[in-house]
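Right, one structure below, let's go through it.
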Amino acid sequence: MVYGRNMKLSIVLSTQTAQFQAATFKGDLETNLASIASLGYEGVELAIRDPKLVDLDHLYELTCKYNLKVPAIGTGQAWGEEGLSFTDPDPNVRQAAIERIKSHIPVAARFEAIIIIGLIRGVVKPGVNDEQAMKWLIQALRECSEAAQPCGIRLALEPINRYETTLINNATQGLELIKRVGADNFGLLLDTFHMNIEESVIEESLRVCGRHIFHFHVADSNRWYPGAGHLNFGSIRETLTSIGYQGWISGEFLPKPDAKTAAQKSIIYLRQI
Ligand code: LER
Ligand code: MN
């Protein structure tokens, strides 16, 4: 990543209705893509619950029409809306989660995007011990990384704060998981909102994760747009630059006071720090 004006900025848009509140844009696809492009974003991160539900050609044409790249595909709604997870005690649910992630590979290949592994990893359910859940998780991640590898597609697991999951909350656990999965195309997505809750010093965790950071989410401490809370984005940006991060900075924050205003405030703020 490079300084100020040259940061590659994208923002999250859900291609369908979703309970997840921090998907900044939801609703009419073309209207939202037009808004995002008009605000100066170069990319849009697509949250897709199930690739079967989207018309890929149409989606691709629309992103081309508005000159937007798609750096990453979010997949967490398969958990949020359908309960699919890599760590469910029911093997059918685990298998369905694996198949769902594999079904994102052609979508990711079309856009040259990263596939995000967020909450589809699941939580440790009652009656399941932590090591068993971890084994299921590692097995699923190996299988998905292996399937994505021939297409040149990378997967990024997002450490998510303790109030949302019991599996992989911080950077240290994320790095340990990377070692255990052992696939070059498997890395991390770090999100400043979760880092603010879980990391002792955000900049230090960024340095430790280094080249394993494949993608980056930004929201301020209150999950509003950057600049609305107390995170030090100047220092975060400098650290990303110093470790040679070349990826995207993707806004994933609450649509407050509304999506367009939040997206506009964010891009103005991030461009001037
Ligand atoms: C998704 O990127 C995320 O950050 C999580 O909070 C989803 O619940
Ligand atoms: Mn996130």
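The values are calculated or read from the model by the stated rules, or taken from the named source; none is laboratory data. Only a predicted model underlies this, so the values are computations on that prediction, with no experimental measurement involved. Ideal geometry is used to build each Cβ from the backbone, glycine not excepted, and the neighbour counts take in all protein chains shown. In case anyone asks, the SASA skips ligands and DNA or RNA and just uses the protein heavy atoms, side chains included. Shrake-Rupley method; radii C 1.70, N 1.55, O 1.52, S 1.80 Å.
About its Cα centre, what dipole magnitude does the stretch 1-110 give when the only charges are +1 on Lys and Arg Cβ and -1 on Asp and Glu Cβ, stated in debye to the nearest 20?
For the stretch 1-110, the charge dipole is close to 400 debye.
Using +1 at the C-beta of Lys and Arg and -1 at the C-beta of Asp and Glu, which of VAL107, PRO226, ILE160 has the Cα lying farthest in the positive direction of the dipole of the chain?
PRO226
Want the number for GLU131 to LYS65: 0.36 nm per residue separation, take away the alpha-carbon distance, what's left?
In short, 19.0 nm is gained.
Rounded to the nearest 0.05, what FRET efficiency is calculated for THR17 and CYS151 with R0 set to 35 Å and r the Cβ-Cβ distance?
Once the sixth-power term is evaluated, E becomes 0.75.
For the stretch 9-148, what % of the accessible area comes from carbon and sulfur atoms, probe 1.4 Å?
Roughly 49 percent, rounded to a whole number.
For the chain, what is the charge dipole size about the Cα centre, in debye to the nearest 20, if Lys and Arg each add +1 at the Cβ and Asp and Glu each add -1 at the Cβ?
400
What's the extension gain from ARG180 to GLU30 if we count 0.36 nm per residue and subtract their Cα-Cα distance?
Difference between extended and current length: 49.9 nm.
Could you please put THR15, THR75 in sequence from largest to smallest accessible area, using a 1.4 Å probe?
Ranked from most to least accessible, the order is THR15, THR75.
Nearest 500 deg cm²/dmol is fine: what mean residue ellipticity at 222 nm does the chain get from its DSSP H runs of n ≥ 4 alone, each adding -39,500 (n - 2.57), divided by its residue count?
Result for the chain: -12500 deg cm²/dmol, rounded to the nearest 500.
Taking only protein heavy atoms into account and a 1.4 Å probe, give the accessible area per residue of the chain in Å².
42
With a/c under 1.5 counting as rounded, go ahead and sort the stretch 1-66 into rounded, prolate or oblate using the C-alpha gyration tensor (a ≥ b ≥ c being the square roots of the eigenvalues; past the cut-off, prolate if a/b is larger than b/c, else oblate).
Note, shape of the stretch 1-66 comes out prolate.
With a 1.4 Å probe and every protein chain kept in, tell me what percent of the accessible surface of the stretch 150-273 is carbon plus sulfur.
Roughly 48 percent, rounded to a whole number.
Can you give the direction-averaged projected area of the convex hull of the alpha-carbon atoms in the chain, in nm²?
In nm², the orientation-averaged hull projection of the chain is 12.8.
Note down, for the stretch 1-121, the three equivalent ellipsoid semi-axes (square root of 5 times each alpha carbon gyration tensor eigenvalue), biggest first, whole angstrom.
Ellipsoid half-lengths, sorted descending, are 26, 15, 14 Å.
Suppose the chain between LYS52 and TYR269 were pulled fully straight at 0.36 nm per residue; how much longer would it get relative to their current alpha carbon spacing?
Working it through step by step, the gained length comes to 74.5 nm.
Filter LYS26/LYS265; LYS26/LYS125; LYS52/LYS265 down to the pairs with a C-alpha to C-alpha distance above 27 Å, please.
LYS26/LYS125; LYS52/LYS265
Can you tell me which of 196-203, 116-123 comes out highest on packing, and rank the rest after it, using the mean Cβ neighbours within 10 Å?
116-123, 196-203
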